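First comes the structure, then the notes that go with it.
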Amino acid sequence: MGLTLKKAEEIIAMSKPNVLVTLDSMKYPNTGLFYFDKSLGNALIRENDNHFDLTYYIYKKSENYFVGKVNLLNRVTLDKLWFAKRERFAITHFTDQFCRLNPHQVKGKKILTIHDLNQLYDTNWSPSKLKTYMDRLGGYINACDHIVAISNFVANEVLIHFPQAKGKLTVIYNGAEKPELVPGHSPVYKPDKKFLFTIGMLNAKKNFHVLPALLQGNGMELVIAGIESDYKEQIMAEAQKYECADRVIITGTISDADKAWYYNNCEALVFPSLAEGFGLPVIEAMHFGKPVFLSRYTSLPEVGGDAAWYFDTFKANTMQDTLQRGLREFNDKNLSASIMQHAAKFSWEQTAKQYLALYQKCMLIS
């Protein structure tokens, strides 16, 4: 951005601007937005170095993640009607486009992070519902001084649908921590065979129902972790079709320790999603040096880069060929170290530094 923290610090002089960061997506654990808020919130604390007086806008039940580390402001329902501290903050950072606090409810400079426009790909949304959502998001974009997209793919989609964002749009990639292995820990379900792993909310855009075909003829298991829905029935119907229903395990939500165990012990992450703003599991698995097999849709090629393998189609035979070829190449060339090097490019420390620099930049714009 051409602006260092040191230079901005000299210009702003002695005062520490008050910054409100909305972390109210932490209401729902086991979601990507929950991990984004938690990880960014902690990284901002580590990297702030006393440049800003940070306050986190958060549900009371989630405050234990930050209590004693930063100022906390609990969200209350009446904030939707009137936000009493609307003039207190020099900057408000709305950390996702579903922010419960409306950008029109605050004064000062406003930054909005947009994670995806996945609603465009959701066939369950009616045209009228989609229009209502897009109109609302357009109003938020108009109300904010700067927009952040979490990938170039998302940035391009924003510009296509909201050209008014041009000139105030920046790409800041998410970080991706390596989930911590807990010594001696085993998940509730521990496979006794080699297994493939995937994780995410069970819905059609994740495209998990194409995965049972990968088990044909190899004896492996498939472990799918995530919030369950009726989509589970479609996945298991495919498993019946390929006569591997006894080797497809849907665990429901899992703990961080379980997730780390599965990443560390799986043969590969298989992630055929049709719509992702970033794709956190991709980098998490790569932190363990694991091969990842992805769709070529939305942001996934951008995040996986040359360190991943890609399904060109979702036909069973081509997916099987891609998996077999990729696993063979991974083992023959011993690619684990290069995959971990790719994952290391995505750090929350770097992400936090870029957001802090953006806060400084916003302070200098009249």
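The values are calculated or read from the model by the stated rules, or taken from the named source; none is laboratory data. Values in this document were obtained by computation on a predicted structure and should not be read as measured data. All Cβ positions, even for glycine, are placed from backbone atoms using ideal geometry, and neighbour counts span all protein chains on display.
Residues considered: THR251, THR318. Of these, the only one that is free of Cβ contacts under 8 Å to residues at least 40 places away in the same chain, β-branched (Val, Ile, Thr) and farther than 24 Å from ASN118 by Cα is THR318.
Condition check ((1) surrounded by 13 or more Cβ atoms within 10 Å (Cβ to Cβ); (2) within 30 Å of GLY219 (Cβ to Cβ); (3) touching a strand residue (DSSP E or B) at 6+ places or on another chain (Cβ under 6 Å)) across all residues:
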position: LEU101; (1), (2), (3): yes, no, yes
position: CYS144; (1), (2), (3): yes, no, yes
position: PRO163; (1), (2), (3): no, no, no
position: GLU180; (1), (2), (3): no, no, no
position: GLY184; (1), (2), (3): no, yes, no
position: PRO187; (1), (2), (3): yes, yes, no
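Checking each residue in segment 191-218 for being small (Gly, Ala, Ser) and under 17 Å from the mean Cα position of the chain (by Cα) picks out only GLY200. Scoring LYS205 on the criteria (1) basic (Lys, Arg); (2) surrounded by fewer than 19 Cβ atoms within 10 Å (Cβ to Cβ); (3) in contact (Cβ under 8 Å) with a residue 40 or more places away in the chain leaves a single failure, condition (2). For GLU228, the criteria (1) surrounded by fewer than 17 Cβ atoms within 10 Å (Cβ to Cβ); (2) in contact with a helix residue (DSSP H, G or I) (Cβ under 7 Å, 6 or more places away or on another chain) hold in every case but one, which is (2).
Of the residues making up segment 176-201, those that are at pLDDT 95 or above and either of a type in the set (Phe, Trp, Tyr) or within 22 Å of THR31 (Cβ to Cβ) (or both) number 7.
Pick from GLU238, GLU221, GLU233: which is among the acidic types (Asp, Glu) and surrounded by fewer than 17 Cβ atoms within 10 Å (Cβ to Cβ)?
Working: GLU238 fails: surrounded by fewer than 17 Cβ atoms within 10 Å (Cβ to Cβ); GLU221 fails: surrounded by fewer than 17 Cβ atoms within 10 Å (Cβ to Cβ).
One residue alone meets the criteria, GLU233.
Identify, please: which residue in segment 234-250 is within 26 Å of the chain's Cα centre (by Cα) and assigned to a helix (DSSP H, G or I) and is, among those, nearest to PHE197 (Cα to Cα)? Spell out how you get there, then give the answer.
Taking segment 234-250 as the starting set, the residues that turn out to be within 26 Å of the chain's Cα centre (by Cα) are 234-235, 248-250.
With assigned to a helix (DSSP H, G or I) added as a condition, the list becomes 234-235.
On the way: GLN234: 18, ILE235: 14 Å.
Filtering first and then ranking leaves ILE235.
Restricting attention to segment 238-277, the residues that are in contact with a Pro (Cβ under 7 Å, 6 or more places away or on another chain) and of a type in the set (Gly, Ala, Ser) total 3.
Only one of these is in contact with a helix residue (DSSP H, G or I) (Cβ under 6 Å, 6 or more places away or on another chain) and outside any loop (DSSP other than H, G, I, E, B): LEU181, LEU196, LEU202, LEU214. Name it. Talk me through it step by step, then tell me what you get.
Details: LEU181 fails: outside any loop (DSSP other than H, G, I, E, B); LEU196 fails: in contact with a helix residue (DSSP H, G or I) (Cβ under 6 Å, 6 or more places away or on another chain); LEU202 fails: outside any loop (DSSP other than H, G, I, E, B).
So the residue among LEU181, LEU196, LEU202, LEU214 that is in contact with a helix residue (DSSP H, G or I) (Cβ under 6 Å, 6 or more places away or on another chain) and outside any loop (DSSP other than H, G, I, E, B) is LEU214.
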